[in-house]
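Just so you know, all these numbers are worked out from the coordinates, no wet-lab data involved. What you see is a predicted model; the values in this text were computed from it and never measured. With ideal geometry, Cβ positions are generated from the backbone for all residues, glycine too; neighbour counts draw on all protein chains shown.
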Number of protein chains: 2
Amino acid sequence: METPVESTRERLLNVAEQRFGEGGYEGTSLRAITVAAAANIAAVNYHFGSKEALLRAAVARAMAPVNTERRRRLDQLEAAGPPSAEQLIRAFVEPGLDLVLRRGERGAVAARFIGRIAFDPSQRIRELYVAESDPIEARYLAALQAALPHAAPEAVAFGYVNMLGLLALHQSQALTPVPGGGELEDPGKLAENLIAFLVAAFDRGLRA
Amino acid sequence: METPVESTRERLLNVAEQRFGEGGYEGTSLRAITVAAAANIAAVNYHFGSKEALLRAAVARAMAPVNTERRRRLDQLEAAGPPSAEQLIRAFVEPGLDLVLRRGERGAVAARFIGRIAFDPSQRIRELYVAESDPIEARYLAALQAALPHAAPEAVAFGYVNMLGLLALHQSQALTPVPGGGELEDPGKLAENLIAFLVAAFDRGLRA
DNA sequence: CTCTGATTCAAACGACCGTTTGAACTATGC
DNA sequence: GCATAGTTCAAACGGTCGTTTGAATCAGAG
């Protein structure tokens, strides 16, 4: 159809992101991916080595800009003194939803992919996501604890897990078949609503 | 090994609940289920008709007691006048986690199964869950709106979706490979922590 | 042009999938 | 006893899966 300015490798990553995000890892075949990417089946094993290695590469590529932006914001916040809980929550949530905001269609695909992988039925696959978000996790937990001195460490960790979960949930659009969730609202408003929801929960919903 | 006091049909449902909850629908084969249930492969199609029909039956069986208890609590609350947001949240969350509390090992398996199905990558399968929780959803939304008159209807729906999502998340134990999430704490405390988290978010985290 | 390494290709591999078949077994009523 | 309906069984069905093979094609350097 159009001139393949993208390499086979890039096309495979793009389609994998889209299809894995739609049907999950087990529910998506390499044949479906390679057909949509106009590539040969053997190309996957040539460029990546296996189906799971393709997934790994797609996860790493999709998470990279999110992690970079989170690190940047965290650096910036901490350079200006102890950040508040709201600032920390914002620095975590917004990079995940800005994928949709700033990068349009492709960004929405990446966000859904990330959210889906984070809750894949297989623990081995969920760990791919965790491995990518792990490195900055300790920083967030420590900063959150400092911003919420009244909360117990386990309570802060509980809140962090909930934040991570709710973000992935909205990213994956897994709530689509539910009542008010069908209305795919403006991602900007979604971010603000989610942040307000989490800030209230962190500030007053964690046990001492 | 042991005397099969359970019928083949019951054993299939029990094992399906366990395996689907571990590996998801696509990631679990009928052969794996029938071997673990000490049943013939054809037994699935004899008793249920297909793999998806087996899943449907397992979902319905697992959700029934939860829905019954939610309805009962809702009736009871509404009979005693307009319920508070906390009462409503409690009436929604506790039946989902009491599975683990009151029914021990089997209950934990059922909870994980429900939570997993609620976020299955395939929308067709997620809809099986939605179909089971739909009937009382309108009642909860209306009651929550009445308890939170300051919040916009879309905000109440947003909160409801988040409540539903966080509950399913903890039920599915999908956060196991995350930091503080590994500590599978006392389900009773988990319920209290989750309720406190949600109450704070509902009371002060929803936009007008 | 020739050589070389990178990439693509059609085709096949063995394994596993959900489903179906038809016979064998079981229990119950007559 | 026999007949009947309910259940289980081994075996096979066609199809799809991820992966591998070895030849064909391509691009760039000498």
> Under the rule of -39500 (n - 2.57) per DSSP H run of 4 or more residues, summed and divided by the residues of chain A, what mean residue ellipticity at 222 nm is obtained, to the nearest 500 deg cm²/dmol?
Replying inline: -25500 deg cm²/dmol
> For the range A:1-94, what size does the Cα cloud have along each of its three principal axes, sorted from largest down, in whole Å?
Replying inline: 53, 29, 24
> Quick one: label points 7 angstrom along Cα→Cβ at A:A152, distances to the other copies in nm, smallest first?
Replying inline: 3.7
>> Using only Cα atoms and rounding to the nearest 10 degrees, what angle (0 to 90) does helix A:85-118 make with the longest principal axis of chain A?
In response: 10
> Tilt of helix A:153-172 relative to the longest C-alpha principal axis of chain A, in degrees (0 to 90, nearest 10)?
Replying inline: 40
> With θ set to phi - 60° and the Karplus curve 6.51 cos²θ - 1.76 cosθ + 1.60, what are the ³J(HN,Hα) couplings of the range B:136-143 in order, to the nearest whole Hz, using x for Gly and Pro?
Replying inline: 9, 4, 4, 5, 5, 4, 5, 5
>> Quick check: convex hull over the Cα atoms of the protein assembly as shown, volume per residue in Å³, rounded to an integer?
In response: 158
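Of all alpha-carbon pairs in chain B, indicate the percentage at a distance above 22 angstrom. If you can, show how the numbers build up before the last one.
Details: 11234 of 21528 pairs.
Percentage above 22 Å: 52.
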> So for the pair B:A208, A:Q123, with labels modelled 7 Å out along Cα→Cβ, what separation do we get in nm?
Replying inline: 4.8
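Taking the Cα centre of the protein assembly as shown as origin, work out the dipole magnitude from +1 charges on Lys and Arg Cβ and -1 charges on Asp and Glu Cβ, in debye rounded to 20.
Working: 46 positive and 50 negative charges, 121 e Å.
The calculated dipole for the protein assembly as shown is roughly 580 debye.
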>> How far apart, in nanometres, would the label points at B:E192 and A:R72 be if each is projected 7 angstrom from Cα along the Cα-to-Cβ direction?
In response: 4.4
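Over the range B:53-128, what is the relative contact order in percent, taking alpha-carbon pairs closer than 8 angstrom and at least six residues apart? Each step should come with its number before you reach the end.
Working: 37 pairs, mean separation 20.8, N = 76.
It rounds to 27 percent for the range B:53-128.
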>> Just to compare against my own numbers: the Cα pair-distance distribution for the range A:76-137, 5 Å bins, whole % per bin, please.
In response: 4, 16, 19, 20, 20, 13, 7, 2, 0
> What is the average number of partner chain Cβ atoms found within 10 Å of a Cβ in B:161-167?
Replying inline: 6
>> Assume the label is 7 Å from Cα along Cα to beta carbon: what separations in nm does A:A131 have to the matching positions in the other copies?
In response: 3.8
>> Please compute the contact order of the range B:58-208 in relative form: average sequence separation of alpha-carbon pairs under 8 Å and at least six residues apart, divided by the residue count, as a percent.
In response: 32
